[in-house]
1. If I ask for residues that are in contact (Cβ under 8 Å) with a residue 40 or more places away in the chain, assigned to a helix (DSSP H, G or I) and within 16 Å of A40 (Cβ to Cβ), which ones from the stretch 55-69 would you list?
2. Determine whether K39 is surrounded by 12 or more Cβ atoms within 10 Å (Cβ to Cβ), at pLDDT 95 or above and more than 14 Å from S65 (Cα to Cα).
3. Would you mind stating whether I37 is hydrophobic (A, V, I, L, M, F, W, C) and touching an Asp or Glu at 6+ places or on another chain (Cβ under 6 Å)?
4. V10 - would you say it is in a helix (DSSP H, G or I) and surrounded by 14 or more Cβ atoms within 10 Å (Cβ to Cβ)?
5. Based on what the data block shows, is E85 over 10 Å from the mean Cα position of the chain (by Cα) and modelled with pLDDT of 95 or more?
6. So which of E72, E80, E52 is outside any loop (DSSP other than H, G, I, E, B) and out of contact with any strand residue (DSSP E or B) (no Cβ under 8 Å at 6 or more places or on another chain)?
7. Kindly provide the set of residues from the stretch 17-40 that are in a helix (DSSP H, G or I) and more than 16 Å from M53 (Cβ to Cβ), ordered by number.
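The values are calculated or read from the model by the stated rules, or taken from the named source; none is laboratory data. Predicted model, so just to flag it, every value in this text is computed and none were measured. Positions of Cβ are generated from backbone atoms using ideal geometry, with glycine treated the same way; all protein chains shown enter the neighbour counts.
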Amino acid sequence: MNEQFAIGSVPVSVAAKVYGRDASWVRAGIVSGWLPIGKATRDGKLVTTIEEMDSKYGRINYYISPKRLYEETGYVWKGEKTVTELEHSSAPA
């Protein structure tokens, strides 16, 4: 199947909705490596342990690949920025 993927990062909240989990589960999975859909970085350096998630060290940026999310879940992200947009885009017409 040849899917077209939106450009950019899937928001953590959207990925959480797709998995039926909360955003902290998605963040922890990405950082720990057991959820292989993206990367977590702080100041350009990869964050790879739960201990590094402490906010005292600064903000973490999460990149979630639309292609990897599709490969793991079958969900095609169409650029929704919020869970509300996701819910409206999947509602029957």
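1. L69
2. no
3. For I37, the condition - hydrophobic (A, V, I, L, M, F, W, C) and touching an Asp or Glu at 6+ places or on another chain (Cβ under 6 Å) - is met.
4. No.
5. no
6. E72
7. Hits for the stretch 17-40 are K17, V18, Y19.
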